[in-house]
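Below is one structure, written out as structure tokens; the observations come after it.
The values are calculated or read from the model by the stated rules, or taken from the named source; none is laboratory data. As the structure is a computational prediction, the values presented were derived from the model and not from experiment. Please note: Cβ atoms are built from the backbone with ideal geometry, for glycine as well, and neighbour counts cover all protein chains shown. Heads up: the accessible areas ignore ligands, DNA and RNA and are worked out on the full protein's heavy atoms, side chains in. Shrake-Rupley method; radii C 1.70, N 1.55, O 1.52, S 1.80 Å.
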Amino acid sequence: MNKLQQRAPQSFRGRMYQRDNSRPKEQRILVLKTGIAGLQFNVENEAEQEALNAITPGTELMLFREPENEYDEWAVAVYLTEDDKLGFVSRFKNETIARLMDAGKKFIGVVDDPEVDPAAKKIVEEEHRRSPHAPTENMALPFSIYMIEEM
């Protein structure tokens, strides 16, 4: 090709397919809006309380399966970091998520802001009216659980 020859502009669709394909695409599917059960038992000192107070809406939380948990065979633990356990998904709401995790599905939690998102607050309140919940489930830190589907 001659250096002076101008190339025709590529269509939008053509540019779309040239994106970085090395990174898998993912879709987040909302599964549950809830609070953290046992939050008060995992905040044991002032430094942990400060870390908890610093959590802002949009913060991503890690979810890990704990099949060897002596109190709940379907336990799904909620972590801020790999070392900072906040609590659990309520035992009244965790079985489906635990079964999907056991089948290889990935989940993530995202801290909600009910003051900014009144729809989220309404969903959480409605969920609590309809469903039983643990007395330890703490709605001071509402969060959404998403299943990650790689595309």
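Accessible surface comparison of Phe64, Phe143, probe 1.4 Å, protein chains only, largest first: the order is Phe64, Phe143. In the context of the full protein assembly, Thr96 retains an accessible surface of approximately 90 Å², using a probe radius of 1.4 Å and ignoring ligands and nucleic acids. Label reach from Met62 (point 7 Å along Cα→C-beta): in the range 77-97, amide nitrogens under 14 Å belong to 77-87.
Placing pseudo-labels 7 Å out from each Cα toward the beta carbon at Val31 and Ala47 gives an inter-label distance of 3.2 nm. Per-residue accessible area (protein heavy atoms, 1.4 Å probe) orders Lys85, Lys105 as Lys105, Lys85, starting from the largest.
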